[in-house]
Amino acid sequence: MRNFAAAPGVQAIDTSSLEDAAGEPSDESLAIQSLLQAETFEELVRRYQNRIYSLAYRMTGDNVEAYDLAQEAFLRCYAALPSFNPTLRFAPWLYRIATNLCINFLQSSRVRRGGADPELALQMPDRGKQPDSLLEEKEQRQRIHAAILNLPTKYRAVVILRHMQDKTYEEIAAILCLPLNTVRTHLFRARELLRRRLYDTER
Amino acid sequence: MTHPELECLQLYLDQRLSDPERMAVDRHLGACAACAGRVENLRRLVTGLTAMNELVLPDTFASELTEELAPSPRLAVDPAGRKLLVQAALCVVILLTCGLLLLIIDTPVTDPSNDILGLIDIMLGSPFQERASAVAVLAVMVLAGGGVLVCLLAATPRIRPQRRVPAPSPTHSDPPR
């Protein structure tokens, strides 16, 4: 088995304990089992499918392309499993594959917009709110989503990973293979652009 | 009054400042309405970003994807093995073709032009006795063609899953955009 070079910020794990607190097999354990049994990979896909799909959708703004990119990310992940080092975290590794796919896609000329409204696919909890406030919330989400899509790709990736995927600066640096200071700068510029576009009343 | 940099305010919100730096910003925000407003704007932005819903894929996504990964009998051979198989099949086809051609050429033919061109002449128009050679050549060509077809099928790459569009959730209450 080939070793996967440890990226900065990718936290090493203790392989002697491959179960999480709830007694469920860890991602890394499932990744190892998937090498022998393709069906085990299904559980890994199930754990990450919505997060990877959401990442792809926020990056591309197209739910059909996002679905395709999510599929592609998992297929590439499966194909690259023999090179996965189980002493490292699985999630940053998968995120790196997915993010690179999205960035490559955006840099290619295949980008198209349209398709069904992705908001239709949302499963929102009923918080007992009035329809007006729900509508306002939806409009707000759409404004933010549109503003994110107007960001340059490198800023977009950072802001999505930080605020929608709840990643730390260190994790983002590991996923995007960027120095920590670059992540900080990209995040600052991305949020400044978003703030000016969405809420600026100072100018 | 020296205002903190905007980047410093962002780091303050992300809780990435050291304790002394954070306390200095706290003190400044208590005294500067402009910076407090900037922080409030930033906080609103961060809240809006984190409140973006996670999109949900159909439950069948994982199972359908895994079905595509499960090896079928033909795909059970690994890529290196498949390459070897194709090479072996090609060798068999070439040997078979050469052997049969040699057999045909060595067969005594009444026609004086006993070579490949002669055989083609025979194929184009000849008496019954010589037509047997033409049939043999035809059989060799069919065999070779079949062999190549088998090789191509064996070398066919893994079939990728087709694009599927997630079905809209019927339980969703928001009006379409």
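The values are calculated or read from the model by the stated rules, or taken from the named source; none is laboratory data. Keep in mind the model is a prediction, meaning the values are calculated, not measured. Ideal geometry is used to build each Cβ from the backbone, glycine not excepted, and the neighbour counts take in all protein chains shown. The protein model used for the area step is the full one, side chains on, heavy atoms only, and it has no ligands, DNA or RNA in it. Shrake-Rupley method; radii C 1.70, N 1.55, O 1.52, S 1.80 Å.
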Fill in: Single residue of region B:13-38 satisfying the filter (in a loop (DSSP other than H, G, I, E, B) and within 14 Å of chain A (Cβ to nearest Cβ)) that is nearest to A:Met59 (Cα to Cα)
B:Asp14
Item to complete: Could you tell me whether A:Phe4 is under 24 Å from B:Glu67 (Cβ atoms) and modelled with pLDDT under 95?
Response: no
Worksheet, complete the sentence: Expected single match for basic (Lys, Arg) and over 19 Å from B:Glu7 (Cβ atoms) among A:Arg197, A:Arg189, A:Arg141 is A:Arg141
Worksheet item: With respect to B:Thr97, is the statement that it is loosely packed, with under 14 Cβ neighbours inside 10 Å, among the hydroxyl-bearing types (Ser, Thr, Tyr) and modelled with pLDDT under 90 true?
Response: no
Fill in: Index of the failed condition, A:Ala147 passing every other in (1) open to solvent by less than 10 Å² (accessible area, probe 1.4 Å); (2) more than 24 Å from B:Asn53 (Cα to Cα)
(2)
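Yes/no matrix, rows are residues, columns are (1) over 45 Å from the mean Cα position of the chain (by Cα); (2) over 24 Å from A:Ile160 (Cα atoms):
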{"position": "B:Leu17", "(1), (2)": "yes, no"}
{"position": "B:Met23", "(1), (2)": "yes, yes"}
{"position": "B:Arg27", "(1), (2)": "yes, yes"}
{"position": "B:Ala33", "(1), (2)": "yes, yes"}
{"position": "B:Val39", "(1), (2)": "yes, no"}
{"position": "B:Leu49", "(1), (2)": "no, no"}
{"position": "B:Asn53", "(1), (2)": "no, no"}
{"position": "B:Leu57", "(1), (2)": "no, no"}
{"position": "B:Ser63", "(1), (2)": "no, yes"}
Discussion item. Looking only at residues that are charged (D, E, K, R) and within 21 Å of the chain's Cα centre (by Cα) in region A:175-203, which one is most open to solvent (accessible area, probe 1.4 Å)?
Written reply: A:Arg189
Worksheet entry | Count of residues meeting criterion [open to solvent by less than 60 Å² (accessible area, probe 1.4 Å) and touching a residue at least 24 places away in the same chain (Cβ under 8 Å)] in region B:1-31 | 7
Practice prompt. Tell me, please, whether a residue that is assigned to a loop (DSSP other than H, G, I, E, B) and away from chain B (no Cβ under 12 Å) can be found in region A:87-105.
Written response: yes
Discussion item. Given the options A:Leu69, A:Leu75, name the one that is within 30 Å of A:Tyr155 (Cβ to Cβ), modelled with pLDDT of 85 or more and buried (at least 21 other Cβ atoms within 10 Å of the Cβ).
Written reply: A:Leu69
Discussion item. Going by what's in this entry, would A:Ile103 be described as at negative phi, touching a helix residue (DSSP H, G or I) at 6+ places or on another chain (Cβ under 6 Å) and modelled with pLDDT of 95 or more?
Written reply: no
Worksheet, complete the sentence: Flagged in region B:39-60 as touching a residue at least 24 places away in the same chain (Cβ under 8 Å) and assigned to a helix (DSSP H, G or I), in numbering order, are B:Val39, B:Leu42, B:Arg43, B:Val46
Practice prompt. Specify the residue that is most open to solvent (accessible area, probe 1.4 Å); the eligible residues are those in region A:150-174 that are among the basic types (Lys, Arg) and more than 13 Å from A:Arg96 (Cα to Cα).
Written response: A:Lys154
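Per-residue answers, yes or no, for (1) open to solvent by 30 Å² or more (accessible area, probe 1.4 Å); (2) at pLDDT below 95; (3) of a type in the set (Gly, Ala, Ser); (4) not in a helix (DSSP H, G or I):
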residue: A:Arg113; (1), (2), (3), (4): yes, yes, no, yes
residue: A:Gln123; (1), (2), (3), (4): yes, yes, no, yes
residue: A:Ser133; (1), (2), (3), (4): yes, yes, yes, no
residue: A:Glu137; (1), (2), (3), (4): yes, yes, no, no
Worksheet item: So A:Lys167 fits all but one of (1) without any contact (Cβ under 8 Å) to a residue 12 or more places away in the chain; (2) farther than 19 Å from B:Arg43 by Cβ; (3) of a type outside the set (Asp, Glu); what number is the exception?
Response: (1)
